Amino acid sequence: MQQRSGSNISKPSWRCWRSHTGFFMGLPVQADGQAAWKANKIIFINDVAFCAKDAVRLASHEADLACGLDFAATPDFSDAHFYDTWVARDIDGSTFLPYFPFVSNPYSIQRMRLGLPFPVKCCWNGMVAMSAAPFLRHGIRIRAHYPGECKASECSLMCNDFLRLNYSNIIADPGVRLVYSSEAARLPFEPHVVEAPVTSWAEVVASPIDQAMAVKQPLHQCCDLVEGAEKIQWGSGEDLCRWENYMVPNYTSSAATLQVIQ
């Protein structure tokens, strides 16, 4: 690790790999519908520049789902903003914000400023390590919305399925910071982008999340994708999101494929 002079923000080595995973491959199954292999964790990686240690760090969390933070750079690579606002939801269910501290819940802000993991309702953010149990035991899949359900990202809908099945220990770790081009790899570690240190794993272990601070109400902001659109038009000035109770109706329990697999 290299230490920037006059700062407590560490820069990792940039000899990292870049993922080109642009598609989802379902869990392999046998003829009887059972999973062809067993796993404890599943890691998805988008088309981001990442280090192997990022995946290891996320998979090391004792969480049902753990993600980092992903950033989109300006064309001249002088600045960056948080990217996955359509999917990421703070612990109170509100959307993430483009700029630091990215969240609005007081407990989340406190943890974010310290560079420590904090609880969220949902995230994906370029890389995610999740429990395999909802897939292998309950048969959930990455899916599109059902009729009447929020027209959200398949990643958001997967979070909803997790929460409805009580896999609710979902966290964001600001120690993992990802970008979508190698040219921008340093930006998330610059203090004008993220005003928080990159904590060591020992620091993370020493400061566990206080689950009593997690908001338990089953509410979040649904941001419907307009029919025929490819992305949310955040700058349109329209009220694009609405609050909803993701437990009512419980689309997960009504899914035809949902079953407990022994």
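Where a number appears in this text, it was derived from the coordinates with a stated rule and is not lab data. Note that this is a predicted model, so its numbers are computed, not measured. Here the Cβ positions follow ideal geometry from the backbone for every residue, glycine too, while neighbour counts run over all protein chains shown.
Which ³J(HN,Hα) values in Hz, rounded to whole numbers, follow from the phi angles of the stretch 156-170 under the Karplus curve 6.51 cos²θ - 1.76 cosθ + 1.60, where θ = phi - 60° and Gly and Pro get x?
5, 5, 5, 4, 4, 4, 4, 5, 5, 8, 6, 8, 9, 7, 10
Could you work out how far apart the two model spin labels at Arg113 and His192 are, taking each label as a point 7 Å from the Cα in the direction of the beta carbon, and quote it in nm?
2.2
What is the log10 of I(q)/I(0) for the stretch 76-148, computed with the Debye formula using one identical point scatterer on each Cα and no solvent, at q = 0.14 Å⁻¹?
-0.58
Work out, in µm²/s and without decimals, the Stokes-Einstein translational diffusion coefficient of the stretch 112-231 at 4 °C, 1.567 mPa s, Rh from Kirkwood over C-alpha pairs.
After rounding, the answer is 78 µm²/s.
At a Förster radius of 30 Å, what calculated FRET efficiency corresponds to the Cβ-Cβ distance of Glu183 and Ser104, to the nearest 0.05?
0.45
Would you mind checking the pairs Lys41/Lys121; Lys121/Lys231; Lys53/Lys216; Lys151/Lys216 and listing those with alpha carbons more than 26 angstrom apart?
Violating the 26 Å Cα-Cα cut-off are Lys53/Lys216.
Given labels modelled 7 Å from the Cα in the Cβ direction, how far is it in nm from Ala212 to Trp243?
The two pseudo-label positions are separated by 2.5 nm.
Could you sort the peptides 206-215, 162-171 by per-residue average Cβ neighbour count (10 Å cutoff), highest mean leading?
162-171, 206-215
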